[in-house]
Each structure stands twice: as C-alpha cells, then as structure tokens.
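Report on the following structure.
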Amino acid sequence: MNFKTTILAAAAALILTPAAAMAATEQFPLQVTVEAIVPSATGLQISPVGNWAGQTQNMRWNIATQRLDPIQQQLDMKSGLGAINAYLTTDAMLTSAGNIIDLTVNVAGQDLLVGAANAVEVATATEAAASKRAAVTITAADAGEEGYPQGNFQGSVFMMYESGTP
C-alpha cells in the first residue's frame, strides 16, 4: 500500500466511524414506579395471598348448576395487638340494571355482617400473634325457583379488619 492510499483509508475510517457508532446506538428510557408499604412489626397486617384484592374477581356462571360459583381466596393475618375482628362496611351485592344479587362474605368460617357493632372474630389473639392464613369465600345468594335475572352484574365488597385492645 502506498502512502496516498494509506492516508485516504485512514481519512475514510475517521469520517465513517462516528456515523457507524451513532447508527448502532439506540436508547429507550424506562421508568418504573415502585411502592412499598412496611407495616409495624407488632401492628395489624392483612395480606391477600396472591395479591388478589386489587384485581376483579370473576364469579363464574356454572351452566350445570345454573348458579354462580363462589369466589374462594385466602388472606394472611397477623397482629401483635390482640384478636382480629372483621366486618363489612357496606352491604355486599352485585347489581345490574336495577337487579340485585346479595352476597355472603365468609372469612375464617365466620359470616361478615355490616357495621363495626357486628364485627366477628376471625383470629384469636394467639392465632394473630403467630400469623394465620384464613379462607375468604364470597357466595351469591340462592337464586330461588325463578333463577337469577339476566344481566352483567358488578359490585364491590368492602371488608374492615381491626385489632387492638377494646
């Protein structure tokens, strides 16, 4: 290679290198929002197993029985403050175009009723101190002989858990 060819090759490499480097670099910004709630180690802790509480639960229509199948989930409960009590803050129901299907909410074998005055114990103080996993079942009321009215039903269930000295 002669001197002139070497200079031309070096000049071409210097000119093309920044263009090639710029063409090969792509960027994509990604932002992730992170949230963490750390409860008191001795306070009340309620944790849906599998994080189901923030997701819509589908009460499946059972074609064989012509009923709505119950929703069955689990909760982990812990408290260093004493027994854990639970109640509903509003009536549990599904609604569609003026039609209502009442729901029964059962936690740890106890049906929940509306209001703090109707709170039921779902974990004793001993169970709560050690941590307890409890079943949560939401069941549609019996349809009766007429069956359920047709519709696209929706609703929310609001449960309140309390623990502490009375």
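The values are calculated or read from the model by the stated rules, or taken from the named source; none is laboratory data. Quick caveat, the model's predicted, so the values are computed rather than measured. With ideal geometry, Cβ positions are generated from the backbone for all residues, glycine too; neighbour counts draw on all protein chains shown. For accessibility, only protein heavy atoms count, side chains too; no ligands or nucleic acids. Shrake-Rupley method; radii C 1.70, N 1.55, O 1.52, S 1.80 Å.
Ordered by 1.4 Å accessible area with all protein chains kept, Thr65, Thr56, Thr124 run largest first as Thr56, Thr65, Thr124. Summary value for the chain: 26 percent relative contact order, contacts being C-alpha pairs under 8 angstrom separated by 6+ residues.
Rounded to the nearest 20, the Cβ-based charge dipole of the chain about its Cα centre (Lys and Arg +1, Asp and Glu -1) stands at 900 debye.
Of the beta bridges in the chain, as assigned by DSSP with both residues counted there, near 95 percent are antiparallel. Need one number: the % of Cα-Cα pairs in segment 93-147 sitting beyond the 19 Å mark. Beyond 19 Å sits 46 percent of the P(r) for segment 93-147. Of the solvent-accessible surface of segment 75-166, computed with a 1.4 Å probe over protein heavy atoms with every protein chain present, carbon and sulfur atoms account for 47 percent. In plain terms, the chain from Ala97 to Asp76 could stretch by 4.0 nm, reckoned as 0.36 nm per residue minus the Cα-Cα distance.
Relative to the current alpha-carbon distance between Thr126 and Ile63, full extension at 0.36 nm per residue lengthens the span by 18.4 nm. Distance from the C-alpha centroid of segment 50-80 to that of segment 124-166: 9 Å, rounded to the whole angstrom. Just Ala125, Ala41, Ala134 to compare: in a GNM of the chain, with alpha carbon springs under 10 Å, which one fluctuates most? Evaluated over the chain, the most mobile residue of the options is Ala41. Computed extension gain for Asn152 through Ala41, at 0.36 nm per residue and net of the alpha carbon distance, reaches 35.7 nm. If you take all C-alpha pairs in the chain, what percent of them are over 18 Å apart? More than 18 Å apart: 71 percent of the Cα pairs in the chain.
Under 5 Å from the amide H of Val114 lie the amide H atoms of Leu88, each residue being 5 or more positions distant or on a separate chain, with H modelled from the backbone and absent for Pro and chain starts. Our helix-only sum for the chain, with -39,500 (n - 2.57) per DSSP H run of n ≥ 4 divided by its residues, gives a mean residue ellipticity at 222 nm of -5500 deg cm²/dmol.
Computed over segment 34-118, the convex hull of the alpha-carbon atoms projects to a mean area of 8.4 nm².
Loop-located GluC sites (Glu not before Pro) in segment 90-166 (DSSP state other than H, G, I, E, B) with a sparse environment of at most 13 neighbouring Cβ atoms within 10 Å: Glu145, Glu146.
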